[in-house]
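The values are calculated or read from the model by the stated rules, or taken from the named source; none is laboratory data. Computed from a prediction, not measured in an experiment: that's the story for all the values here. FYI the Cβ positions are ideal-geometry reconstructions off the backbone, even for glycines, and counts take in every protein chain you see.
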Amino acid sequence: MSRQAQLIRQSKEEFVRHNKAKYGLPLAIWVACEVWDFGAMSRLFDGMREQEQDSISSFYGVHNGRIFATWLRSLNYLRNVCAHHSRLWNRNIIDQPKFPPVLEMPWVAPFERHPQARARCYPLIRMARHLMAAINPNSSWPDRMKDHLRDFPDLRHLGMDLAGMGAPADWEAQW
């Protein structure tokens, strides 16, 4: 709640000023959520009842809302690293996601067998690819990301390759 109040206070959006002047505080939820950042949204999701989490996460093909909550936290971490232009390639992901059972989501199998791969950024990129299939199935982002990963320079002699990002050897076939 304090983060939401801070985001509303800091907002320079006209609709926020209008709603505060006309209706006062607290703002209606449909107004307040417009100023949330990804972190605030993921914390709201984390605090929802399990039934509500399951209902929302099922839309994205993740049937357990508590697992999906870990995805949101991990993606928020990834977003922050990227937004601040920090090193990502071989960074250890602090807030690692949990994964559904392999029978529910076969592409997670390599990360169950290799916990160190789960601590890298590739699983998060693969999660984003999974979510894009539900959010915008016609997006070209998955193809562009695959091309970008394919173009990763061959720097194995320096110990820098896609495996260092946590990508399985057959990542293209699973993409």
For region 46-56 the number of residues that are within 24 Å of residue 3 (Cα to Cα), out of contact with any Lys or Arg (no Cβ under 9 Å at 6 or more places or on another chain) and not in a loop (DSSP other than H, G, I, E, B) is 2
Select from region 121-137 the residues that are without any contact (Cβ under 8 Å) to a residue 12 or more places away in the chain and in a loop (DSSP other than H, G, I, E, B) and write down the one among them that is surrounded by the fewest Cβ atoms within 10 Å (Cβ to Cβ).
137
Single unsatisfied condition, residue 118 versus (1) surrounded by 10 or more Cβ atoms within 10 Å (Cβ to Cβ); (2) touching an Asp or Glu at 6+ places or on another chain (Cβ under 9 Å); (3) farther than 21 Å from residue 95 by Cβ
(3)
Out of region 94-119, which residues are more than 14 Å from residue 70 (Cβ to Cβ) and among the basic types (Lys, Arg)?
113
Criterion violated by residue 71 - all others in (1) over 23 Å from residue 114 (Cα atoms); (2) among the aromatic types (Phe, Trp, Tyr); (3) assigned by TED's automatic domain parsing to the domain that holds residue 159 satisfied:
(1)
Restricting attention to region 1-45, report how many residues are buried (at least 16 other Cβ atoms within 10 Å of the Cβ), more than 15 Å from the chain's Cα centre (by Cα), among the hydrophobic types (A, V, I, L, M, F, W, C) and in a helix (DSSP H, G or I).
6
Search result, residues across region 64-97 that are assigned to a loop (DSSP other than H, G, I, E, B) and more than 15 Å from residue 45 (Cβ to Cβ)
84, 85, 86, 87, 88, 89, 90, 91, 92, 93, 94, 96
Could you check, for region 150-160, whether at least one of its residues is surrounded by 15 or more Cβ atoms within 10 Å (Cβ to Cβ) and within 24 Å of residue 76 (Cβ to Cβ)?
no
Could you list, in sequence order, the residues of region 80-138 that are more than 19 Å from residue 164 (Cβ to Cβ) and either outside the structural domain of residue 168 (by TED's automatic domain parsing) or out of contact with any helix residue (DSSP H, G or I) (no Cβ under 9 Å at 6 or more places or on another chain) (or both)?
83, 84, 85, 103, 104, 135, 136, 137, 138
Could you tell me whether region 98-120 includes any residue that is basic (Lys, Arg), in a loop (DSSP other than H, G, I, E, B), more than 23 Å from residue 56 (Cβ to Cβ) and touching a residue at least 12 places away in the same chain (Cβ under 8 Å)?
yes
Here is a list of conditions, (1) within 14 Å of the chain's Cα centre (by Cα); (2) over 30 Å from residue 47 (Cβ atoms), and residue 154 meets all of them except one; can you say which number that is?
(1)
